[in-house]
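J.: Mind looking over this structure? Questions follow.
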Amino acid sequence: MRALVVDDSRTMRVIVARALRTLGFETDDAEHGQAALDKLAATGPVDLVCVDWNMPVMDGLEFVTAVRKDRSLRGMTIMMVTTESEQSQIVRALAAGAHEYLIKPFTVDAIRDKLELLGLVAAGEPV
Amino acid sequence: MSIARHTFAYVAEHVRRTSAIQLDDGKEYLVESRLMPLAREAGLPDVDAYVARLRAEPGSAAHDDVVEALTTNETSWFRDVAPFEALRRHILPEIAERAGARRAPRIWSAACSTGQEPWSIAMVLEETLGPDVRAEVLATDLSTQVLERARTGEYSQLEVNRGLPAAMLVRHLERHGMHWRVGDALRRTVTFRRHNLLDTPPSGGFDVVFLRNVLIYFDLPTRHAVLEHVRTALRPDGWLVLGSAETTSGVHDGFERVQVGSTVAFRATAATRPGPLVPPPPAGRSAPLAAVPHPAAPALAETLSLLRDAAPTPTPTRGAGLT
Amino acid sequence: MSQVIAGEDVYAIAQDIFASMVDGDVGTIVPWEGPPPGWQEPVTAWVDLQGDWAGRASLTTETSTAHALARALLGFGEDEPVERADLVDAFGEVVNVVGGNVKSLLETTGSLGLPQVADVDPGLPGGLVLSEMVLAWHGRALELVVRAVL
């Protein structure tokens with residue numbers, strides 16, 4: 001499984017990528033939505049994109065909208081990972097085409113739970 | 001870093017006496033990690049010091065905190081995903097087929113802890129049966145403290161991050177300041193009550209009992225006693241959903257193992273006689289579930305389409321959650 | 001118009017961030033006891049909230065503490081050096097998460113600016129302090145302030 005982590009903070013990219021690698025993903029990253037689109041154009045679609053909302057150049061919501069318009073990027077699962085946590089923001093992101101939404105701060109367990117819901121990680125780890 | 005042997009022995013004995021939960025050797029790490037926050041809160045350097053203070057004050061309220069800390073599991077919503085998917089796709093349709101529309105399903109969430117399980121069940125019921133079917137969920141726990149929390153239906157940001165699909169979060173809960181609060185529709189479905197699994201079970205005939213990740217804490221005779229109570233509480237042919245590492249096999253023969261979707265559930269067998277403590281090995285009694293109609297569309301897809309009413313964006317090709 | 005932001009909510013936000021992302025354990029952030037810290041070599045990170053409600057969340061600490069925080073977040077070893085860019089990014093991201101969660105407490109809509117980091121707290125002209133607290137993280141002081149612009 002391949003994942004792309006999109007966040008303007010290097011710290012957050014490191015934290016999210018580290019969690020994804022413990023769950024068996026190969027990871028790549030990008031600093032904002034446009035850089036992520038460029039990377040996807042070069043490498044082709046990945047299994048999972050974790051994308052922040054507030055970023056310079058192209059924000060996460062614009063990125064989700066752009067991906068959903070691009071037929072060549074079909075089948076990618078997108079999860080917003082952001083501090084934006086108003087109810088209306090979550091509704092907007094889902095309506096734009098994000099599959100899941102994780103609010104910062106989060107634990108590695110929370111990422112795992114979300115990926116279980118998305119069918120990207122096998123559920124039922126021993127207690 | 002590890003706790004002293006006498007510390008563990010004292011805690012294990014106290015927990016066993018008050019909750020019948022057995023903390024075997026090797027669970028020292030659990031005792032240490034769960035009690036460390038209590039020790040810190042009390043201004044003590046470590047768990048040994050904290051337990052030394054407990055021993056000096058027999059019967060103090062802090063003893064309850066210890067049981068609480070050791071018997072409360074951090075709970076995810078839709079924990080392990082598959083059991084809730086089995087409920088939605090297989091168990092509820094099967095109940096509807098058998099009972100017809102005349103009766104709404106009754107579900108018992110036993111050892112419900114802080115409530116994520118019964119609320120998750122209520123969400124599945126609402127999204128599968130629609131808002132007009134008055135299904136009932138009885139949620140019980142031994143601890144009045146966790147029941148109080150569960151009943152408030154209020155969860156922190158970190159708690160709603162744990163396994164609750166975002167589409168269900170915004171549909172069934174509302175944000176109030178620092179907390180998310182379960183909405184009224186679900187509150188009408190779920191009733192909370194204190195109950196000890198070793199006591200006479202709640203009456204009324206349940207279609208499904210969720211008893212997840214509880215039996216693992218009990219010794220064999222206690223497991224048998226609990227399953228006997230569950231067997232009594234279930235309707236004939238009722239369903240028992242256990243944790244992924246748990247089974248009735250070798251404990252109580254009043255159940256048969258049934259493959260449902262990608263998981264297994266246990267079904268009360270017709271006989272109501274009490275089972276022997278250790279039954280003979282099961283002889284091919286588990287049978288695949290007969291063809292069960294799948295709901296026309298996944299509930300989450302419906303939720304998403306509701307949310308998308310105002311936005312003419314293309315539907316994602318993959319469902320957001322319990323697909 | 002200003003809205004009330006309770007100090008206990010800001011404290012809870014800080015606790016959540018440190019428990020989930022920094023230390024992986026609860027209880028590592030507690031109120032600072034004793035006299036307020038006199039900063040020797042401070043560093044401040046802040047993020048602005050814009051919209052119907054305008055304000056700022058800022059976090060000040062010793063540079064050495066910010067280094068320790070960056071190491072914890074980035075998964076560096078105890079003595080591993082932290083470059084300035086990583087320090088700015090990691091410390092800025094902490095205040096960014098604080099700001100985002102503070103914003104979610106408001107009933108108004110608005111947006112979050114990008115985090116800034118400097119050695120000198122620039123202050124906020126016209127700012128009214130809503131919540132101000134000194135916290136201890138493994139014995140090191142951190143000052144967390146939320147201001148509103150009237």
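J.: Does residue A:106 meet the test of being crowded, with 22+ Cβ neighbours inside 10 Å, over 30 Å from residue B:213 (Cα atoms) and either within 7 Å of another protein chain (Cβ to nearest Cβ) or in contact (Cβ under 8 Å) with a residue 12 or more places away in the chain (or both)?
T.: no
J.: It is to be established whether one or more residues within the range A:62-73 are over 30 Å from residue C:12 (Cβ atoms), within 8 Å of another protein chain (Cβ to nearest Cβ) and more than 15 Å from the chain's Cα centre (by Cα).
T.: Yes; the residues of the range A:62-73 include at least one that is over 30 Å from residue C:12 (Cβ atoms), within 8 Å of another protein chain (Cβ to nearest Cβ) and more than 15 Å from the chain's Cα centre (by Cα).
J.: Of the residues that sit in the range A:8-27 and are within 16 Å of residue A:108 (Cβ to Cβ) and touching a Lys or Arg at 6+ places or on another chain (Cβ under 9 Å), which one is nearest to the other protein chains (Cβ to nearest Cβ)?
T.: By that ranking, first place goes to A:12.
J.: Which ones in the range A:19-32 are closer than 16 Å to residue A:113 by Cα and not aliphatic (A, V, I, L, M)?
T.: A:21, A:22, A:24, A:25
J.: Quick one: in the range B:149-163, of everything that is within 14 Å of chain A (Cβ to nearest Cβ), in a helix (DSSP H, G or I) and not β-branched (Val, Ile, Thr), which residue is farthest from residue B:184 (Cα to Cα)?
T.: B:158
J.: Going by the conditions given, is residue A:47 touching a residue at least 60 places away in the same chain (Cβ under 8 Å), more than 27 Å from residue C:19 (Cα to Cα) and surrounded by fewer than 22 Cβ atoms within 10 Å (Cβ to Cβ)?
T.: Answer is yes for this residue.
J.: Output the residue which, of all residues in the range A:94-103 that are assigned to a loop (DSSP other than H, G, I, E, B) and either more than 7 Å from every other protein chain (Cβ to nearest Cβ) or of a type outside the set (Gly, Ala, Ser) (or both), is surrounded by the fewest Cβ atoms within 10 Å (Cβ to Cβ).
T.: Across the range A:94-103, the extreme among qualifying residues is A:98.
J.: Please count how many residues of the range C:1-56 are assigned to a strand (DSSP E or B) and in contact with an Asp or Glu (Cβ under 9 Å, 6 or more places away or on another chain).
T.: Qualifying residue count, the range C:1-56: 8.
J.: Take the residues in the range A:74-84 that are away from chain C (no Cβ under 14 Å) and part of a loop (DSSP other than H, G, I, E, B), then tell me which one is farthest from residue B:168 (Cα to Cα).
T.: A:74
J.: Turning to a different aspect of this structure: With respect to residue A:91, determine if the residue is more than 8 Å from every other protein chain (Cβ to nearest Cβ) and among the β-branched types (Val, Ile, Thr).
T.: Spelling it out, it is not the case that residue A:91 is more than 8 Å from every other protein chain (Cβ to nearest Cβ) and among the β-branched types (Val, Ile, Thr).
J.: Of everything in the range A:85-127, what is among the β-branched types (Val, Ile, Thr) and over 17 Å from residue B:163 (Cβ atoms)? Give them in sequence order.
T.: If the condition is that a residue be among the β-branched types (Val, Ile, Thr) and over 17 Å from residue B:163 (Cβ atoms), then A:91 is the only one that fits.
J.: How many residues are facing chain A (nearest Cβ under 10 Å) and either in contact with a Gly (Cβ under 7 Å, 6 or more places away or on another chain) or among the small types (Gly, Ala, Ser) (or both) if we restrict to the range C:109-125?
T.: 6
J.: From the list B:220, B:215, pick out the single residue that is surrounded by fewer than 21 Cβ atoms within 10 Å (Cβ to Cβ) and assigned by TED's automatic domain parsing to the domain that holds residue B:252.
T.: Every option except B:220 fails the conditions.
J.: Just need a number here: residues in the range B:82-123 that are among the hydrophobic types (A, V, I, L, M, F, W, C), touching a residue at least 60 places away in the same chain (Cβ under 8 Å) and in a loop (DSSP other than H, G, I, E, B).
T.: Counting residues in the range B:82-123 that are among the hydrophobic types (A, V, I, L, M, F, W, C), touching a residue at least 60 places away in the same chain (Cβ under 8 Å) and in a loop (DSSP other than H, G, I, E, B) gives 2.
J.: Taking into account only those residues within the range B:62-119 that are among the small types (Gly, Ala, Ser) and over 23 Å from residue B:18 (Cα atoms), which is modelled with the lowest pLDDT?
T.: B:101
J.: Check off (1) away from chain C (no Cβ under 11 Å); (2) crowded, with 23+ Cβ neighbours inside 10 Å; (3) within 29 Å of residue B:212 (Cβ to Cβ); (4) without any contact (Cβ under 8 Å) to a residue 40 or more places away in the chain for residue A:115 and give me the number that stays unchecked.
T.: For residue A:115, the exception is condition (4).
J.: Now a separate question. Please work out which residue is modelled with the highest pLDDT, limiting yourself to the range C:120-134 and to residues that are crowded, with 18+ Cβ neighbours inside 10 Å and out of contact with any helix residue (DSSP H, G or I) (no Cβ under 6 Å at 6 or more places or on another chain).
T.: Only one residue tops the list, namely C:134.
The values are calculated or read from the model by the stated rules, or taken from the named source; none is laboratory data. Computed from a predicted model, the values in this text were never measured in an experiment. Neighbour counts are summed over all protein chains in view; Cβ atoms, including those assigned to glycine, are modelled from backbone coordinates with ideal geometry.
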